[in-house]
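Before any comments, here is the structure.
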Amino acid sequence: MAEIILTSDNFEAEVLKSDVPVLVDFWASWCGPCKMLGPVISRIAEASDGSYKVGKVDTEEEMELAVQYGIMSIPAVFLFKGGEVVDKSIGYDGGTEKRLIEMLNQHK
């Protein structure tokens, strides 16, 4: 399953009202660590068996969502379940992919 491009128009339906957990990547095109995280997010999305969804919010295009969720540094990956943030990972390093998969597994 591919990543969902999230906007203020579809965020409520795709994330807040989702029946499954949603991993949301807050990113920007100018952000180097975001570019490094991009393939990780894609792999996690492609591995979904329908038990979770993966979405991306471009913070430059969707500043309202970035402000609403207090995004101060990117990349910021939030895990939503039942309309609430249940976990998050800020930044990117060699252990990020493992950390994100563990987050999903804990909240499926």
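Residue-by-condition table, conditions (1) of a type outside the set (Ser, Thr, Tyr); (2) surrounded by 12 or more Cβ atoms within 10 Å (Cβ to Cβ); (3) under 19 Å from Asp19 (Cα atoms):
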{"residue": "Ile41", "(1), (2), (3)": "yes, yes, no"}
{"residue": "Ile44", "(1), (2), (3)": "yes, yes, yes"}
{"residue": "Tyr52", "(1), (2), (3)": "no, yes, yes"}
{"residue": "Phe80", "(1), (2), (3)": "yes, yes, yes"}
{"residue": "Val86", "(1), (2), (3)": "yes, yes, yes"}
{"residue": "Gly91", "(1), (2), (3)": "yes, yes, no"}
{"residue": "His107", "(1), (2), (3)": "yes, yes, yes"}
**Report entry** Odd one out for Ser8 among (1) free of Cβ contacts under 8 Å to residues at least 60 places away in the same chain; (2) touching a helix residue (DSSP H, G or I) at 6+ places or on another chain (Cβ under 8 Å); (3) not in a loop (DSSP other than H, G, I, E, B)
**Finding:** (3)
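Being aliphatic (A, V, I, L, M) and within 11 Å of the chain's Cα centre (by Cα) is the filter here; which residues of segment 88-103 pass it? Working first, answer last.
Step one: filter segment 88-103 for residues aliphatic (A, V, I, L, M), giving 90, 100-101, 103.
Listed by number, the residues that qualify are Ile90, Leu100.
Does any residue of segment 51-74 turn out to be touching a Lys or Arg at 6+ places or on another chain (Cβ under 6 Å), of a type in the set (S, T, N, Q), in contact (Cβ under 8 Å) with a residue 12 or more places away in the chain and not in a strand (DSSP E or B)?
Narrowing segment 51-74 to residues touching a Lys or Arg at 6+ places or on another chain (Cβ under 6 Å): 51.
Still in the list and also of a type in the set (S, T, N, Q): 51.
Now narrow it down to the ones that are in contact (Cβ under 8 Å) with a residue 12 or more places away in the chain: 51.
Filter once more, keeping what is not in a strand (DSSP E or B): 51.
Yes: segment 51-74 contains one or more residues that are touching a Lys or Arg at 6+ places or on another chain (Cβ under 6 Å), of a type in the set (S, T, N, Q), in contact (Cβ under 8 Å) with a residue 12 or more places away in the chain and not in a strand (DSSP E or B).
Residues Ala47, Ala13, Ala76: which one is farther than 21 Å from Gly95 by Cα and out of contact with any Asp or Glu (no Cβ under 7 Å at 6 or more places or on another chain)? Steps first, please.
Details: Ala47 fails: farther than 21 Å from Gly95 by Cα; Ala76 fails: farther than 21 Å from Gly95 by Cα.
Among Ala47, Ala13, Ala76, only Ala13 is farther than 21 Å from Gly95 by Cα and out of contact with any Asp or Glu (no Cβ under 7 Å at 6 or more places or on another chain).
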Report task. Could you please find all residues in segment 8-37 being out of contact with any Leu (no Cβ under 8 Å at 6 or more places or on another chain) and among the β-branched types (Val, Ile, Thr)? Result -> Val20
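Based on this model, can you work out whether Asp87 counts as assigned to a loop (DSSP other than H, G, I, E, B) and at pLDDT 95 or above?
Details: assigned to a loop (DSSP other than H, G, I, E, B): no; at pLDDT 95 or above: yes.
Spelling it out, it is not the case that Asp87 is assigned to a loop (DSSP other than H, G, I, E, B) and at pLDDT 95 or above.
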Query raised in the report: Is one or more of the residues making up segment 18-38 among the acidic types (Asp, Glu), in a strand (DSSP E or B) and out of contact with any Phe, Trp or Tyr (no Cβ under 8 Å at 6 or more places or on another chain)?
Result: yes
Query raised in the report: (1) closer than 14 Å to Leu23 by Cβ; (2) crowded, with 18+ Cβ neighbours inside 10 Å; (3) out of contact with any Phe, Trp or Tyr (no Cβ under 7 Å at 6 or more places or on another chain); (4) not hydroxyl-bearing (Ser, Thr, Tyr): which one isn't true of Glu62, the others all being true?
Result: (1)
Report summary line: For segment 92-107, pairs from a residue that is under 25 Å from Gly82 (Cβ atoms) to a residue that is surrounded by 16 or more Cβ atoms within 10 Å (Cβ to Cβ) and among the hydroxyl-bearing types (Ser, Thr, Tyr), with Cβ under 8 Å and 6 or more apart or across chains, are Thr96/Ser89; Arg99/Ser89; Leu100/Ser89; Met103/Ser89; Leu104/Tyr52
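The values are calculated or read from the model by the stated rules, or taken from the named source; none is laboratory data. Given the structure is predicted, the values throughout are model-derived calculations rather than measurements. Counting neighbours? That spans all protein chains shown, and the Cβs are built from the backbone with ideal geometry, glycine included.
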